[in-house]
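I have placed the structure first, in the form of structure tokens, so that the comments after it can refer back to it.
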Amino acid sequence: MAKDLKFFINKSLKTKNTSGNLIKSFRKSLNLTQGDVVEATKIKRPNLSALENDRIPMTNHYAEILAVCFGIHPSTLLYPDGEFSKNKELLEIEKRAKKIINKRQAV
């Protein structure tokens, strides 16, 4: 994401970047209403509202649709802080995978 765009988002939000906050910021920076985004994307208004308020998780499907609408890359919405955070389940998967990989490489 461009440096000036990140500055705009951080200044306008003054909160932690979340997918929902970014959706709302991009929408407002383009002077779009929720209705405009609904019309362009065919995402149902309750779903758009839930996404903007982080009540439902960002998925690849929604990220791709909204990214096309806003002219950004989907990863901007999927990874709003620019980092991939691993939850407990993913950390466990990583641990098991490393164990298996190390075992296979030792052979």
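Scanning the stretch 30-53 for residues that are assigned to a helix (DSSP H, G or I) and either in contact (Cβ under 8 Å) with a residue 40 or more places away in the chain or closer than 25 Å to Ser85 by Cβ (or both) yields Asn47, Leu48, Ser49, Ala50, Leu51, Glu52.
Would you mind stating whether Asp36 is among the acidic types (Asp, Glu) and either modelled with pLDDT of 95 or more or at positive phi (or both)? It is true that Asp36 is among the acidic types (Asp, Glu) and either modelled with pLDDT of 95 or more or at positive phi (or both).
Go through the stretch 16-29 residue by residue and tally those that are assigned to a helix (DSSP H, G or I), under 16 Å from Ile56 (Cα atoms) and among the hydroxyl-bearing types (Ser, Thr, Tyr). I'd like the intermediate steps shown before the answer.
Going through the stretch 16-29, the residues assigned to a helix (DSSP H, G or I) turn out to be 19-29.
Next, from what is left, pick out any that are under 16 Å from Ile56 (Cα atoms): 19-24.
Filter once more, keeping what is among the hydroxyl-bearing types (Ser, Thr, Tyr): 19.
Selection size over the stretch 16-29: 1.
The set of residues in the stretch 53-79 that are in contact with a Gly (Cβ under 6 Å, 6 or more places away or on another chain) and of a type in the set (Gly, Ala, Ser) is empty. Of all residues in the stretch 69-90, those satisfying the criterion of being outside any loop (DSSP other than H, G, I, E, B) and either surrounded by 10 or more Cβ atoms within 10 Å (Cβ to Cβ) or β-branched (Val, Ile, Thr) (or both) are Cys69, Phe70, Pro74, Ser75, Thr76, Leu77, Leu78, Leu90. Only residues that are under 17 Å from Ser25 (Cα atoms) and surrounded by 13 or more Cβ atoms within 10 Å (Cβ to Cβ) were counted in the stretch 48-63, giving 10.
Of the candidates Asn47, Asn31, Asn17, the single residue that is modelled with pLDDT of 95 or more, under 15 Å from the mean Cα position of the chain (by Cα) and among the polar types (S, T, N, Q) is Asn47.
From the residues in the stretch 1-14 that are closer than 20 Å to Ser85 by Cα and not in a loop (DSSP other than H, G, I, E, B), which one is modelled with the highest pLDDT? Break it down stepwise before answering.
Here is the first cut: in the stretch 1-14, the ones closer than 20 Å to Ser85 by Cα are 1, 6, 10.
Filter once more, so that each one left must be not in a loop (DSSP other than H, G, I, E, B): 6, 10.
Details: Lys6: 59, Asn10: 56.
My answer is Lys6.
Residue pairs whose Cβ atoms lie under 8 Å apart, separated by 6 or more positions or on different chains, with the first residue in the stretch 64-92 and aromatic (Phe, Trp, Tyr) and the second surrounded by fewer than 16 Cβ atoms within 10 Å (Cβ to Cβ), are Phe70/Leu30.
The values are calculated or read from the model by the stated rules, or taken from the named source; none is laboratory data. Model, not experiment: these values are computed from the prediction. Glycine gets a Cβ as well: all are built from the backbone with ideal geometry, and neighbour counts include every protein chain shown.
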